[in-house]
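Trainee: Before anything else, here's the structure in question.
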Amino acid sequence: ATSLGEKLYREAVGSVAQLSALERRIKRDPRKSLRIYCFPDILLGPFAPTLQSVSRNAGDLEFSFIASAEDCDLSCVSQNCVPKGHGFLPILTEPYGVALGLQHPLTSYDSLHIRDLQPYPIIHRPYCPNADGFDLFESKHTSRPAQAVNDHQVLDLVSAGLGIAFVPVSHGDAHAGIVVRRVHGQDMGQRTIGFSHRKTAFATELATTLAASARR
């Protein structure tokens, strides 16, 4: 190179290097999308702090809630409903009880038995894996019981005084307008909830992190 070329190189090399790295510096890395499905008998509220914590710690992760369990990477699910081909990480096992509106006359009872519930209409949860076990005295009702499409709706209907419902006992902490009481002398069953995941390294690692955080 001539002396002029050497001078040009010294003047330009820094600027050229800065421009060459410009695209890499300003272009954000592609975000990873985690497709989540929440089953209708699962209330997402208790999982929210866990999802927020993981989202903050993984800056390139984006949660995407979808309407199909078959297409999800991860689901919030009862063990009886784990999508085909998914692994399952349990978080909580809990019994069922009966949900009552705050103004319901049975809220004054210290102890409830199945016979106490017979006069009252039941709001059914047909999507729940244990729903059939709750048809305990349907034949005694002359009107067709109401059915809900998810547990958020169930709790709203109970709160409005439109019926009672058999729900997981933890639901009692999820709605200010209801209480959940245990039913004595009747095996109401129980459920185990947790995270299901596709058996990919990405989904398995995230489900493991989420489950560990939720258990804490």
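The values are calculated or read from the model by the stated rules, or taken from the named source; none is laboratory data. All figures in this text were calculated on a predicted structure; none of them were measured in a lab. Note: ideal-geometry Cβ built from the backbone for every residue, glycine included; neighbour counts use all protein chains shown. Side chains included, ligands, DNA and RNA excluded: accessible areas come from the protein's heavy atoms. Shrake-Rupley method; radii C 1.70, N 1.55, O 1.52, S 1.80 Å.
Trainee: Can you send over the solvent-accessible area of E205, 1.4 Å probe, protein chains only, in Å² to the nearest 10?
Mentor: E205 has an accessible surface of roughly 130 Å² with all protein chains in place.
Trainee: When all protein chains stay in place, what accessible area (Å², nearest 10, 1.4 Å probe) is found for S55?
Mentor: 40 Å²
Trainee: Of A148, V13, C76, which is farthest towards the positive pole of the chain's charge dipole, taken about the Cα centre with +1 and -1 on the beta-carbons of Lys, Arg and Asp, Glu respectively?
Mentor: Value: V13.
Trainee: For S108, S53, what's the largest-to-smallest order of accessible area, 1.4 Å probe?
Mentor: Working: S108 90, S53 35 Å².
In descending accessible area the options line up as S108, S53.
Trainee: In terms of solvent-accessible area of protein heavy atoms at a 1.4 angstrom probe, what is the ranking of T2, T208, highest value first?
Mentor: Values: T2 90, T208 70 Å².
Result, largest first: T2, T208.
Trainee: Tell me, what is the FRET efficiency for A212 and L102 to the nearest 0.05, using R0 = 35 angstrom and their Cβ-Cβ distance as r?
Mentor: On the way: r = 36 Å, r/R0 = 1.02.
Efficiency at R0 = 35 Å is approximately 0.45.
Trainee: Sorting H124, H152, H113 by accessible area (1.4 Å probe), largest first, what list results? Mind dumping the intermediate values first?
Mentor: Working: H124 25, H152 105, H113 60 Å².
These residues rank, largest area first, as H152, H113, H124.
Trainee: Angle check, please: helix 201-215 long axis (alpha carbons) against the longest principal axis of the chain (alpha carbons), in degrees 0 to 90, nearest 10.
Mentor: Here the helix axis deviates by roughly 50 degrees.
Trainee: Quick check: residue separation of E6 and R115 times 0.36 nm, minus the Cα distance between them. What number comes out in nm?
Mentor: On the way: separation 109, 0.36 × 109 = 39.24 nm, distance 9.76 nm.
Full-extension gain reported as 29.5 nm.
Trainee: Once Lys and Arg get +1 and Asp and Glu get -1 on their Cβ, which of L162, P46, Q190 lies farthest toward the positive end of the dipole of the chain?
Mentor: Result: P46.
Trainee: Give, in nm to one decimal, the length gained when the segment between A21 and K199 is fully stretched (0.36 nm per residue of separation minus the Cα-Cα distance).
Mentor: Values: separation 178, 0.36 × 178 = 64.08 nm, distance 3.72 nm.
Full extension of this stretch gives 60.4 nm more.
Trainee: Here's another thing I want to ask about it. About its Cα centre, what dipole magnitude does the chain give when the only charges are +1 on Lys and Arg Cβ and -1 on Asp and Glu Cβ, stated in debye to the nearest 20?
Mentor: Rounded to the nearest 20 debye, it is 640 debye.
Trainee: Rounded to the nearest 0.05, what FRET efficiency do R31 and D156 give with R0 = 30 Å and r taken as the Cβ-Cβ distance? Could you check?
Mentor: Values: r = 34 Å, r/R0 = 1.15.
The value I calculate is 0.30.
Trainee: Another question about this same structure. State, as an integer percentage, the relative contact order of the chain based on alpha-carbon contacts under 8 Å between residues 6 or more apart.
Mentor: Numbers: 346 pairs, mean separation 63.3, N = 216.
The value is 29 percent.
Trainee: For the chain, what % of the accessible area comes from carbon and sulfur atoms, probe 1.4 Å?
Mentor: Details: 6380 of 12580 Å².
Accessible surface attributable to carbon and sulfur in the chain totals 51 percent.
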